[in-house]
Structures are given as C-alpha cells and as structure tokens.
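This report concerns only the one structure given below.
The values are calculated or read from the model by the stated rules, or taken from the named source; none is laboratory data. Computed from a predicted structure; not experimentally measured. Cβ sites come from the backbone with ideal geometry, for glycine too, and all protein chains shown count toward neighbours. All accessible areas refer to the heavy atoms of the entire protein, side chains included, with ligands and DNA or RNA removed. Shrake-Rupley method; radii C 1.70, N 1.55, O 1.52, S 1.80 Å.
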Amino acid sequence: MKAKRNLLAVLILLCLCVLGIGCKTDTSDRVDPVKMKSGGITDWKEKPVICLLIDSIMDKYLRQAIDEGRAPAMAFLLKNGHYYPRVVSSFPTMSVTIDSSLMTGTYADKHHVPGLIWYSSKENRMIYYGNGMKEALKIDQTQVAMDAVYHLNQVQLNKKTKTIHEELAEKGKDSASINGIIFRGTTEHTLTMPKWVANSTKLPHQFQVTGPKWLSYATLAQLDRANDRNTRIWDKFGMNNAFTAQETAYLIKQNQLPSFTIAYVPENDNLLHRKGPAELDGVEDADKAVQEMLDAFGSWEQALKSAVWMVLGDSAQSYVYDNRDQAIIDLRRLLYPYRIAKINQQVGAGDQLVISSNERMAYVYAIDEAVSLPDLIHLLKSEERLDIIAMKDGKYIRVTAGKNDEMISFRPGGKYKDEYGQTWTISGDPGLMDLTIKGDRIQYGKYPDGLARLYGAMHSHEGRFVVVTVQPGYEIVGEGSPAHPNGGAHGSLHEQDSLVPLIVTGTDTRPETLRIVDMKAWILKLAGK
C-alpha cells in the first residue's frame, strides 16, 4: 500500500509539474551588458521572434533585481529595447486562462478555458489541471492527467479560436513551443509518458496531439536528447527553467529557429507562492535561463541582431497575510445551508453547489435549479473581504461586493467607450468596479480592462454560477485547496494580480494596446512577414 501511495504521489507530481503548475525607457542606470564569446552562429535571413514567458514576473521586482545586478540578461535586453511595465493580463489570472488568451488573442468567452479548476455541466464533473498535492490526492489521477496533458489543448480549448501556431502554419510559417501550456497547432506529435508510469496506471503510454513544427513538453517530448539531465523527478520532469533554456538554445545552435518560438520559464511562480512577491531568487534564476539562450547565438550583440526578443510576464502575485485565520476565506462556511459537492466524489443528484477555487477567485455553481443565484449572493455579501461578486442577468453582468448594498450592471455595446475602444452600457454604481466616467468615456482604476475581462469569465462556459474575488491580502480555499499565508497568490481581477512587464528588442513596434489579449495580432505581424 505504501509503494502504491508513493507511485501515486509521483504520478501526481508528474501531472502538476508538466502543467507548471509605453515608450522607450531611460536605462542609463541599468546594469551594463555582459558580452559573450562568439560561437559562430550564422545570420538569419529573417528575424525570428522569440517570446520568453516568465511566470509571475513583476515590474517592481524585476527592476529591483536589475538594479542589484541579479538579472544581467534582462538588463541587457531592456537597455537595448523598449520596456512596458503595465501590460494587462487575462482573467482569471491563472496560467491556463492567460496563456489561452495569449495564444488565441481572445478572452475566456471565446477560448473557453475558464480557469485552473472549473466545473463542466456538459460532463457533470470538475475539470482539474493541477493545483497542489493535497487537492490532487482526492481526484481521479487518470482524469487529471488526461485533462492537463491532452484535453486542455485538444478538446477544451475552443477549436474556433485559432492559436498563433495554427495561423502561422496557414501562412506557411513554422513555429516552436518549449514547455508552453497552450501549444495546439497543425503538426501531429506523439507525447510519450514514461513507461513505468504508463505500466502502473490506466494512462496510455503515448498521446497523439497537434502542435507547432517544433514541440518540446518536459519529459513527454524533447528536442535535445542531451536534455535528459533536466527531466529527472527532482527536476519536475523537465518543467523547469534549465530544460526550457537548453531546448531553446538547441534550436538556435542547430540553426532551426522558426519564425516564432514561445519558451515558458516556469519556476518563479512556485517560489513566490511560498516566499511572497518580493522574493528575487526566482527572477535571478529566470535570468540565467535567458543568459543561456542569448549565449547560444555566440554573443549577446549577435542575439540582438538575429532575433526579435520579447520577455513577458503572465500574471503578477499579491501578498497573502501571514495570519491564516485572517487571510484564508472558505466559501463553504458562507454557503453552509446548501449541499456542496465533494471533490473526491461524482457530482450527485443531491448536490446543490460546486465550488471551484482558483486562489484569489472562485466559481460557485448552482447545479440545483431550485437554488437562486440572488440567494447565493445574499449569503456571500456577508463576507466583507469579498471584492467582486458577480452573476449573469440576461445580457447583463450584475456586480456587487461584500458588505455592500450597491450594484453595477453592464453589457457590451452602448454609449460609453473605454481606453481600448470597447463600448458598454452601464447602470448603477461605477465605484464598485473603480470606474471613472466622464461624459461618454470610461477610465479604469484598480481593475484594468475590468469590464471585458470579467465579461469574458462570466461567458467562458455553460452553467449557472457566481464569480467571486477577494481583496488584496486574502485567498479563497475550497476542499483540499492549497493556501499561501505569508506567501503570494493570484487569480483576481485586481491590478496587483493583473499587471505584468514586457521587454521588447529588435522592433520599434508594439501591440495595439498593452494587453496580453493583443499580443497575438502583433506577433503574427512580426513573425508572419
């Protein structure tokens, strides 16, 4: 029995690790570039685009690491390029949803990936991509692996929203994904599960997937055979910075770099969850990965000449108070009159609610038609730490907050226009979403692009549900959810979770607006020439 539990723990770890689970800035005070010896890389006929997606990197702490000399590679890129410190992420601010927005150029209402954990009314089950060992031990691991490794890209990501890889392939352009969570493309690939895992579980030894021409996905698919050293169990099976750096460097050294490469640098996220947003070791480690990629060109100056470089965060993290009783909000206690489905059991006829907690946001599903959403909101409003409480009401989204009797309703289309050119109909108290309305113009406050991002989540999948988020300093937990007191967390609509930096070299262009959802169109222009 103990051996079986150990095997299960390793399998869970495999599933969790595979998923990971402006103007030009004055840089006169930044770190001087570090020059490397030339390795003789030839000039590229066209400038390929390399996008380095660094999990949970934030402007304040990136700048601090650079000022302290701990991030020389990113300092070099910043000094020789453009810096945009406030790019708006997607919502929920969880990697699967954000990366889906990055790769499809849409919010969740179009790409249909609502969060790290959500409930499918079609399948009457939780969709779980991995959110910590404690919660994972309670769930069918075969299903977890199938969702995280296969269904996310091949089934649940809306086929009507094409990825960057798919659109480049239509133009006859090749692309690469190195440890990217969202990798769907047009080239068939085989992901290979370690034999000892497949032989000991119900999982197939191999998965057939579609991806870009070059697909590298931790231990399941790698380009450089010499990269086995970075796929060991204690190295998270390849879902680590070193694996990503070596795979990307391999493409460069082999002169196989395609028109577009996305390389995911994952490890900063987990460190910040444990130690808090101010921890700089994760930035330093990520920078070492960037150094290896720059080195592969022979010199950093040659790297600048040879490619367009983008260094982009996905979400930020906000500090969670160290007092667990103060910081952690368990929605089950607020909703105790209802029968709440257990995550380790099939959702049954007697269950009334399902709760899907995504750190600092949650979906609360009313699966019993007798349950009224306004009644749920009434109970939830008793908790003053709840920042946003939202439900659909016909074409409108209705929003309130904890210990607040005010309401705001909005829908797309109307006389009010925001800074992104989107128009809205709005009634009620705009202060609930920190909106400033002057004439027919909308200005966002602490919820950047809050109307479109919240609308996207509310229409991301079928079902009757309420969306809740919490104020900075707090986190939502459900049955078995990980918690991060005295650490960091994300998920909410708040700017503390939602603003990420972007460094760009090799082009003087930029996205139409500084949102992750606008990156795709810009990348296609650069890589599809």
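Kindly indicate whether any position in segment 292-313 is crowded, with 20+ Cβ neighbours inside 10 Å, in contact with a helix residue (DSSP H, G or I) (Cβ under 6 Å, 6 or more places away or on another chain) and among the charged types (D, E, K, R).
Scanning segment 292-313 turns up no residue that is crowded, with 20+ Cβ neighbours inside 10 Å, in contact with a helix residue (DSSP H, G or I) (Cβ under 6 Å, 6 or more places away or on another chain) and among the charged types (D, E, K, R).
Restricting to segment 158-197, and then to whatever is at pLDDT below 95 and out of contact with any strand residue (DSSP E or B) (no Cβ under 8 Å at 6 or more places or on another chain), can you tell me which residue is surrounded by the most Cβ atoms within 10 Å (Cβ to Cβ)?
197
Just wondering, is there one or more residues in segment 201-213 that are of a type in the set (D, E, K, R), open to solvent by 50 Å² or more (accessible area, probe 1.4 Å) and at pLDDT below 95?
Yes: segment 201-213 contains one or more residues that are of a type in the set (D, E, K, R), open to solvent by 50 Å² or more (accessible area, probe 1.4 Å) and at pLDDT below 95.
Here are the criteria: (1) among the charged types (D, E, K, R); (2) open to solvent by 40 Å² or more (accessible area, probe 1.4 Å); (3) within 27 Å of the chain's Cα centre (by Cα). Tell me which single one residue 339 does not satisfy.
Residue 339 satisfies every listed condition except (3).
Restricting attention to strands (runs of 3 or more DSSP E) lying wholly within segment 174-293, give those where 3 or more residues are small (Gly, Ala, Ser).
Because the criterion is at least 3 residues that are small (Gly, Ala, Ser), the strands (runs of 3 or more DSSP E) in segment 174-293 that meet it are 175-178.
Looking only at segment 47-92, count every residue that is at positive phi and surrounded by fewer than 24 Cβ atoms within 10 Å (Cβ to Cβ) and tell me the total.
So the count comes out to 1.
Given the condition in contact with a helix residue (DSSP H, G or I) (Cβ under 9 Å, 6 or more places away or on another chain), open to solvent by 10 Å² or more (accessible area, probe 1.4 Å), modelled with pLDDT of 95 or more and charged (D, E, K, R), answer yes or no: does some residue in segment 110-117 qualify?
Yes: segment 110-117 contains one or more residues that are in contact with a helix residue (DSSP H, G or I) (Cβ under 9 Å, 6 or more places away or on another chain), open to solvent by 10 Å² or more (accessible area, probe 1.4 Å), modelled with pLDDT of 95 or more and charged (D, E, K, R).
Suppose we filter segment 436-450 for residues that are farther than 12 Å from residue 416 by Cβ and assigned to a loop (DSSP other than H, G, I, E, B); how many remain?
5
If you go through segment 344-358 one residue at a time, how many are within 24 Å of residue 484 (Cβ to Cβ) and either among the aromatic types (Phe, Trp, Tyr) or out of contact with any helix residue (DSSP H, G or I) (no Cβ under 7 Å at 6 or more places or on another chain) (or both)?
Residues meeting the conditions: 5.
Could you look through segment 502-526, keep only residues that are in a strand (DSSP E or B) and of a type outside the set (A, V, I, L, M), and pick out the one that is most open to solvent (accessible area, probe 1.4 Å)?
Step one: filter segment 502-526 for residues in a strand (DSSP E or B), giving 502-505, 515.
So of that shortlist, the ones also of a type outside the set (A, V, I, L, M) come out as 505, 515.
Details: 505: 1, 515: 20 Å².
It comes out as 515.
Can you pull out the residues in segment 355-377 that are open to solvent by 20 Å² or more (accessible area, probe 1.4 Å) and part of a loop (DSSP other than H, G, I, E, B)?
Across segment 355-377, the qualifying residues are 367, 368, 369, 370, 372.
So, in segment 280-334, how many residues would count as being closer than 25 Å to residue 489 by Cα and not aliphatic (A, V, I, L, M)?
21
Would you confirm whether any residue within segment 97-107 is within 16 Å of residue 489 (Cα to Cα) and either modelled with pLDDT of 95 or more or not β-branched (Val, Ile, Thr) (or both)? Can you show your working first?
Here is the first cut: in segment 97-107, the ones within 16 Å of residue 489 (Cα to Cα) are 97-98.
Subset that is either modelled with pLDDT of 95 or more or not β-branched (Val, Ile, Thr) (or both): 97-98.
Yes: segment 97-107 contains one or more residues that are within 16 Å of residue 489 (Cα to Cα) and either modelled with pLDDT of 95 or more or not β-branched (Val, Ile, Thr) (or both).
Out of the residues in segment 294-325 that are of a type in the set (A, V, I, L, M) and assigned to a strand (DSSP E or B), which is nearest to residue 72 (Cα to Cα)? Spell out how you get there, then give the answer.
Looking only at segment 294-325, we keep the residues that are of a type in the set (A, V, I, L, M), and these are 294, 296, 303-304, 307-308, 310-312, 316, 320.
Subsequent filtering for residues that are assigned to a strand (DSSP E or B) retains 308, 310-312, 320.
On the way: 308: 18, 310: 15, 311: 13, 312: 16, 320: 30 Å.
Applying the filter and picking the extreme gives 311.
Condition first: surrounded by 19 or more Cβ atoms within 10 Å (Cβ to Cβ), part of a strand (DSSP E or B) and touching a helix residue (DSSP H, G or I) at 6+ places or on another chain (Cβ under 7 Å). Now tell me which residues in segment 389-421 satisfy that.
Answer for segment 389-421, where residues must be surrounded by 19 or more Cβ atoms within 10 Å (Cβ to Cβ), part of a strand (DSSP E or B) and touching a helix residue (DSSP H, G or I) at 6+ places or on another chain (Cβ under 7 Å): 389, 390, 391, 397, 399, 400, 408, 410.
Please determine, by comparing only the residues of segment 468-501 that are surrounded by fewer than 24 Cβ atoms within 10 Å (Cβ to Cβ) and of a type in the set (A, V, I, L, M), which one is farthest from residue 418 (Cα to Cα).
That would be 483.
For segment 349-363, enumerate the residues that are within 17 Å of the chain's Cα centre (by Cα) and small (Gly, Ala, Ser).
356, 357, 362
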